[in-house]
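Visitor: Here it is: the structure, laid out below.
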Amino acid sequence: MQQPPYIEVPDSEGACWGGWPAIGHALQQHLQRMGKVKTILAVECYPGTYANIDMGFLKSALSPNVVCRAEDLFLEENDIRQRIGAAFAKSPRADANLPTTVASYFDPQKLSSIQETIAAIETGVILVHGVGAHLVATPDVLVYSDVSRYELIQRLRRKDITNIGVDNRELSHPLQYAWSYFIDWPLGDHIKQELLPNCDYVLETNNWQRPKMVEGDALRRGFELALQQPLSPSPFFDPELWDGQGNRNNPGELSVNFHLRMEEDNLLFKICDQLLETPVVNLLFCHSSRLLGPEIRDTYGDRLPFYIQFFDHLQQQLHDINYYPTPAAMVEHFGKTARHQDYYYAVKARKNATLLAGGQAGTAQEQTVALNLQEMPSEKRWSTLLQALPVKQGAVVAIPSGMLHSTGTGCQLLNIGIATPFFRQQLISKKTGQQPHLSIPAAPAALPLQSLPPQSGLTQSLDAEPYEDHFLRLHQLPGGTQLTLPGTGKVRAICIAEGQTAQLNYGQGQTYQLQFGQVVLLPAMLEQITWNATKGTQAVLIEIRPGQT
């Protein structure tokens, strides 16, 4: 039977509710148990929740005496836009004069006036709702309304939501996404880090028609359990595929294979009789050192310093061309420091599989190619400019930042990246066309056709020995044998690249069943783990080396 994707929290009867009627009833009971004549209920929202819809249901369920929307206390939209600056909307940068706290959005006079009004009220229930709600009045009951980053991205694509304090749906999706990336999400994360450790309830609103609410203590117990076992994050789950007997459908249907992106992914918990999603970053914010390990945490902060994505170009004949900006280009164009390296592991490869990278042999180091996004070189032209590297199954090739390269043809590649993929410049792509997600604001731009360094230009097979550099270490775990993986005190990841299933034995005799393509995180707290798989199975073990930024 396939491993259930959820973490079950024991002794949680009556700690989780599904649907607005049940949620409203649970909050009513809580308020009644308090026995206070005046109660302030604050629902702090992550930016991008459907605040008006959620507040409408809560008003109907709770019948509060007074309702306050936090956004009604913000500065006027024109004032917010002026403070952020018109240039930011056209060319987003991390080093612009951006808001650092949600408190800066409030109009001091409006805020002072409503606080005096609330203080003068002697009886009844006061509902304060929205981004920054916890700053309006000290709550007696605090609910944190959460939504996953993956769902927020879908809402941005549909133009369902705007950014904090502004209706900027006139912007393109990449620019509105960048506004969220540089402003809204950091502000929301700052509030979340402050409130999650102590909030009374957490409201999950990925599906606004079927919300879930859980007691804060029950979710925090779930986080403690998560640190003690392998984790399988996913951008989304479909809880209806599961019942008390396990999976009713085929393996691989419940999550996204060959994928790991911590800022977008969720964990699934079973609390009471409810399946509840929560962003993986919530676990990071509460227990970053215990999940990542102190050395990784000290180097990279509260984030997992790599992501995994999959390129299935087994049938593709034309190369996708891209590059990641160098650290100097990142500072110049985006006002952000980031070091990046790409690793491509060949899951499958046909006889003539190739990956283009770097200038042709003998190309002068100073030779450049003009990247005019209006007159992009054709794929055939790129083939004459770049080296064609043969790709063999089980091999890995490392590509430094700033180097033009493709994502292969005639092969399936597991891409491990060290920085966020948001700034990757997609020059030719069958999925996105010629425009990058957030383009460097300079066209034409000139990049050197630098030659590949010797250690990167040669694809290395993991069959013989691990791959190791200053960023990470990649091991191949073979089947047909039992291997002991000693604890390292650092977070690791495993992905089965060949075969069907494998087992990880950990803790006090517990077993975790892995499936082909599934990416599993091993928290730093996990000590000795045993790998056991049938012959013909192969997996990649990813270890981050600390001390590098």
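Visitor: Considering only segment 514-530, how many residues are surrounded by fewer than 21 Cβ atoms within 10 Å (Cβ to Cβ) and not in a strand (DSSP E or B)? Steps first, answer last, please.
Guide: First, the residues of segment 514-530 that are surrounded by fewer than 21 Cβ atoms within 10 Å (Cβ to Cβ): 515-517, 523, 525, 527-530.
Filter once more, keeping what is not in a strand (DSSP E or B): 517, 523, 525, 527-528.
Residues flagged as surrounded by fewer than 21 Cβ atoms within 10 Å (Cβ to Cβ) and not in a strand (DSSP E or B) within segment 514-530 amount to 5.
Visitor: Oh, and also: Spot the failing condition for residue 356; the list is (1) modelled with pLDDT of 90 or more; (2) within 30 Å of the chain's Cα centre (by Cα); (3) part of a strand (DSSP E or B); (4) hydrophobic (A, V, I, L, M, F, W, C), and only one is missed.
Guide: (1)
Visitor: Over 26 Å from residue 287 (Cα atoms), open to solvent by less than 20 Å² (accessible area, probe 1.4 Å) and in contact (Cβ under 8 Å) with a residue 60 or more places away in the chain - does that describe any residue in segment 178-191?
Guide: At the first step, the residues of segment 178-191 found to be over 26 Å from residue 287 (Cα atoms) are 178-179.
Next cut, open to solvent by less than 20 Å² (accessible area, probe 1.4 Å) only: 178-179.
If we keep only those that are in contact (Cβ under 8 Å) with a residue 60 or more places away in the chain as well, we get 178-179.
For segment 178-191, residues over 26 Å from residue 287 (Cα atoms), open to solvent by less than 20 Å² (accessible area, probe 1.4 Å) and in contact (Cβ under 8 Å) with a residue 60 or more places away in the chain: present.
Visitor: So residue 408 fits all but one of (1) of a type outside the set (A, V, I, L, M, F, W, C); (2) at pLDDT below 85; (3) open to solvent by less than 30 Å² (accessible area, probe 1.4 Å); what number is the exception?
Guide: (2)
Visitor: Need the failing condition index for residue 533 against (1) open to solvent by less than 50 Å² (accessible area, probe 1.4 Å); (2) under 22 Å from the mean Cα position of the chain (by Cα), just the number.
Guide: Residue 533 satisfies every listed condition except (2).
Visitor: Exactly one of these conditions fails for residue 481: (1) buried (at least 18 other Cβ atoms within 10 Å of the Cβ); (2) over 28 Å from residue 294 (Cα atoms). Give me its number.
Guide: Every listed condition holds for residue 481 apart from (1).
Here's the yes/no breakdown for (1) among the β-branched types (Val, Ile, Thr); (2) in a helix (DSSP H, G or I); (3) at pLDDT 95 or above:
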site	(1), (2), (3)
263	no, no, no
278	yes, no, yes
309	no, no, no
312	no, no, no
317	no, no, no
322	no, no, no
329	no, yes, no
333	no, yes, no
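Visitor: Here's something else I'd like to know. Could you please give the count of residues in segment 489-508 that are modelled with pLDDT of 90 or more and part of a loop (DSSP other than H, G, I, E, B)?
Guide: Residues meeting the conditions: 3.
Visitor: For segment 77-133, how many residues are in a loop (DSSP other than H, G, I, E, B), touching a strand residue (DSSP E or B) at 6+ places or on another chain (Cβ under 9 Å) and either aliphatic (A, V, I, L, M) or surrounded by 13 or more Cβ atoms within 10 Å (Cβ to Cβ) (or both)? Quick ask: steps written out before the conclusion?
Guide: So in segment 77-133, the residues in a loop (DSSP other than H, G, I, E, B) come out as 85, 91-101, 107, 121-123, 131-132.
Still in the running and touching a strand residue (DSSP E or B) at 6+ places or on another chain (Cβ under 9 Å): 107, 121-123, 131-132.
Imposing the further condition that a residue be either aliphatic (A, V, I, L, M) or surrounded by 13 or more Cβ atoms within 10 Å (Cβ to Cβ) (or both) reduces the set to 107, 121, 131-132.
The number of residues fulfilling the criteria is 4.
Visitor: Since residue 31 meets every condition but one in (1) under 27 Å from residue 194 (Cβ atoms); (2) in a strand (DSSP E or B); (3) out of contact with any His (no Cβ under 8 Å at 6 or more places or on another chain), which condition does it not meet?
Guide: Here residue 31 clears every test but (2).
The values are calculated or read from the model by the stated rules, or taken from the named source; none is laboratory data. Everything numeric in this text was worked out from a predicted model, so none of it was measured. Heads up, the Cβs are rebuilt from the backbone with ideal geometry, glycines too, and the neighbour counts pull from every protein chain shown. Each accessible area value is taken on the protein alone, full model and side chains, heavy atoms only, with ligands, DNA and RNA left out. Shrake-Rupley method; radii C 1.70, N 1.55, O 1.52, S 1.80 Å.
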